[in-house]
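See structure below.
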């Protein structure tokens with residue numbers, strides 16, 4: 001990510017402005033009610049409030065687009081960079097190393113797993129950054145109105161952090177198991193295809209089919225378990 005330092009800045013800074021603008025809309029809706037509940041209010045006062053709301057909404061929209069474009073560009077840059085590093089590392093390994101590896105497993109890592117890095121940034125990291133700032137920025141805006149109002153949101157943030165930590169703790173081994181099973185699935189299939197003459201000459205088609213469907217079923221079960229968590 002640090003190879004492209006501009007993109008993280010364009011992700012975080014517009015996200016801060018985006019969430020501040022969103023909070024500002026709610027704030028000025030409240031100011032609008034303050035205006036019309038006072039005796040002798042003027043239309044110009046309300047128009048000023050409306051102008052601030054409209055300006056905040058436009059700012060929110062523009063910064064949201066800028067953030068989404070930046071995080072997508074970052075994801076699309078990270079994926080080929082990571083694949084290049086992986087291929088370079090594999091080319092530098094000895095024949096002994098390659099002799100011990102399963103071709104299908106390596107190809108699964110070099111294709112599907114590297115693509116997961118792109119998904120980790122977009123939508124993954126983009127959603128995480130935005131959702132964190134969507135809590136933090138309004139929290140400080142609430143504190144700026146009256147500090148005592150921050151008690152309930154503060155308790156919520158602490159409980160949310162504990163919940164996320166617990167969820168991640170349970171999800172990590174399941175996710176790792178899913179990727180390992182995907183590698184095993186590809187490795188088994190690549191081995192059967194590359195040695196198809198041996199398989200046919202020994203009439204092992206049914207055995208290989210059962211082996212493949214068993215691996216595919218285990219991968220599916222891991223995927224479902226991940227969703228359940």
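Spatial offset of the stretch 154-229 relative to the stretch 8-36 amounts to 43 Å, using the alpha carbon center of each. For the stretch 44-92, go through all pairs of different Cα atoms, get the mean of 1/r, take its inverse, and jot down that Kirkwood value in Å. One over the average 1/r among Cα pairs gives 14.1 Å for the stretch 44-92.
Largest first, the three principal axis extents of the alpha carbons in the stretch 78-167 are 67, 25, 18 Å in whole numbers. Cβ crowding within 10 Å ranks 221, 105, 113 as 221, 113, 105, fewest other Cβ atoms first.
Taking a quarter of the surface of the Cα convex hull of the chain, what do you get in nm²? Each step should come with its number before you reach the end.
On the way: hull surface 73.4 nm².
Computing the convex hull of the Cα atoms and averaging its projections yields 18.3 nm².
Helical content of the chain, expressed as a calculated mean residue ellipticity at 222 nm, amounts to -29000 deg cm²/dmol (DSSP H runs of 4 or more residues, -39,500 (n - 2.57) each, divided by residue number, nearest 500).
Distance from the Cα centroid of the stretch 98-122 to that of the stretch 57-90 is 19 Å (rounded to whole angstrom). Taking label points 7 Å from Cα along the Cα-to-Cβ direction, residue 54 and residue 209 give a separation of 6.9 nm. Size estimate for the stretch 151-229 follows the Kirkwood approach: the inverse of mean 1/r over distinct Cα pairs works out to 15.2 Å. Note on 25, 145: ascending count of other Cβ atoms within 10 Å places them as 145, 25, the fewest first.
Within the listed set 114, 137, 151, the residue fluctuating most in the Gaussian network model of the chain (springs between alpha-carbon atoms under 10 angstrom) is 151.
If you scale each eigenvalue of the Cα gyration tensor by 5 and take the root, what three semi-axes come out for the stretch 1-129, rounded to whole angstrom and sorted largest first?
Details: eigenvalues 554, 27, 13 Å².
Values for the stretch 1-129, descending: 53, 12, 8 Å.
Helix 151-194 against the longest principal axis of the chain: what's the angle in degrees, Cα atoms only, rounded to the nearest 10? Rounded to the nearest ten degrees, it is 20. Counting neighbouring Cβ atoms within 10 Å and putting the fewest first, the residues 31, 206 line up as 206, 31. Rounded to the nearest 10 degrees, the angle from helix 205-228 to the longest Cα principal axis of the chain is 20 degrees.
Placing a pseudo-label 7 Å from each Cα along the Cα-to-Cβ vector at residue 146 and residue 198 gives an inter-label distance of 7.7 nm.
Helix 43-91 and the longest principal axis of the C-alpha atoms of the chain enclose an angle of approximately 20°.
No lab work stands behind these numbers, since they all come straight from the coordinates. Nothing here was measured: the structure is a model prediction, and the numbers come from that model. With ideal geometry, Cβ positions are generated from the backbone for all residues, glycine too; neighbour counts draw on all protein chains shown.
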